Amino acid sequence: MKSVVIQEPEKLVIEERPIPQPLPGEVRLRVESAGICGSDVHIYRGHNPFAKYPRVIGHEFFGRIDAVGEGVESSRIGERVVGDPVVSCGHCYPCSVGKPNVCTSLQVIGVHRDGGFSEYITLPARNAHVVPDSIADREATMIEPFTIAANICSQMNPGPLDVALVYGAGPMGLTTIQALRGVYGVKEIIVADRLDERLTMAKESGADRIINNTDIDLASELSKLGIRPTLIVDAACHVSILPEAIGLASPAARIGIMGFSSEPCMISQQGITSKELTIYSSRLNSNRFPMVIDWMVKGKIAPEKLITHQFDYTHVINAMEIFEKDPKTCCKVLLKF
């Protein structure tokens, strides 16, 4: 089989590898499509501290089960499935309280173990979620990105009284905007980004108000508009955002952080406790695949709006460079296998 392998930072090759055999409790997928994420590019560039090399990348993947390991029903062969990249132990403290995404022995497919940029992949049977026929293949490949939005939203519990501010209209921000609008029905969504093209995508995904904050002070702009957000989502993950968000937030607001910067930031305890703010962080997803599949079946989100490019996997380097260097026109890129 052919696999996309990062042998070391900045060295990507398409290798011929043996077709893997599923171990007990596993299934094998014949991969049909996979999505490119920023973390794939970070592994390629050597900027992901968790990755080990060489590594087959890819944690957003869809395909059909073509073999099963011992203990898995053979009736599963032929199922259309999407893979949850979170492989957890099931018995440590985080797993026991519903947080397998921060399992003490966490293995992320495409980071700690080989991923879905390959013609075949094996994974635990419980990580292969059946995709209903009403969901098209391209949309099925988008389930994993929406689980990231589902994870933060499930913690923050948005509702119709909320005025939401979303920092960043990249893929994480856009999936969150769609969830806030189509699933949770918040009162208003404001989106701040520095690219007009991305802000247009935000508007198309459900934003009510868009603000290009390249040359303006966001606090002053929101003050002029009389807006105090009750829900703030940081989908841009710059070190400057959390301190600003604490200042902008309404009393009793919730702030969600969807990623991380390795740089320290200075925040005020008084700013948090004087308003009794709640700050949530989110990593990957904690069993959110069934939730997102239900959203798609019910038409609450529109993943097709975010797919801007598609390539054959043999053009993976071109695909990753477009994803990395053309944020004005590129959102989600799919690879066909």
Filter the stretch 291-337 down to residues that are of a type in the set (F, W, Y) and in a loop (DSSP other than H, G, I, E, B), then give me how many there are.
1
Does V97 satisfy the condition of being hydrophobic (A, V, I, L, M, F, W, C) and touching a residue at least 12 places away in the same chain (Cβ under 8 Å)?
no
For the stretch 261-290, enumerate the residues that are open to solvent by less than 100 Å² (accessible area, probe 1.4 Å) and within 14 Å of the chain's Cα centre (by Cα).
S281, S282, R283, L284, N285, S286, R288, F289
Restricting the stretch 211-225 to residues that are in a helix (DSSP H, G or I) and either acidic (D, E) or closer than 20 Å to M201 by Cβ (or both), the residue that is least open to solvent (accessible area, probe 1.4 Å):
L218
Return yes or no: is I135 touching a strand residue (DSSP E or B) at 6+ places or on another chain (Cβ under 7 Å), aliphatic (A, V, I, L, M) and not in a strand (DSSP E or B)?
no
Pairs, first assigned to a helix (DSSP H, G or I) in the stretch 154-171, second surrounded by fewer than 18 Cβ atoms within 10 Å (Cβ to Cβ) and of a type outside the set (A, V, I, L, M, F, W, C), C-beta under 8 Å, six or more apart
Q155/Y280; M156/Y280; P171/G38
Pairs, first free of Cβ contacts under 8 Å to residues at least 40 places away in the same chain in the stretch 107-133, second among the hydroxyl-bearing types (S, T, Y) and open to solvent by 10 Å² or more (accessible area, probe 1.4 Å), C-beta under 8 Å, six or more apart
Q107/S88
Filter the stretch 243-260 for residues that are modelled with pLDDT of 95 or more and open to solvent by 30 Å² or more (accessible area, probe 1.4 Å) and give the result.
P243, E244, G247, P251, A252, R254, I257
Residue hits (the stretch 172-194; outside any loop (DSSP other than H, G, I, E, B), open to solvent by less than 40 Å² (accessible area, probe 1.4 Å), over 20 Å from S223 (Cα atoms) and without any contact (Cβ under 8 Å) to a residue 60 or more places away in the chain) are I177, L180
Please work out if V31 is in contact (Cβ under 8 Å) with a residue 12 or more places away in the chain, closer than 21 Å to T308 by Cα and of a type in the set (A, V, I, L, M, F, W, C).
yes
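The values are calculated or read from the model by the stated rules, or taken from the named source; none is laboratory data. Nothing here was measured: the structure is a model prediction, and the numbers come from that model. Cβ: placed from backbone, ideal geometry, glycine included. Neighbour counts: every protein chain shown. Side chains included, ligands, DNA and RNA excluded: accessible areas come from the protein's heavy atoms. Shrake-Rupley method; radii C 1.70, N 1.55, O 1.52, S 1.80 Å.
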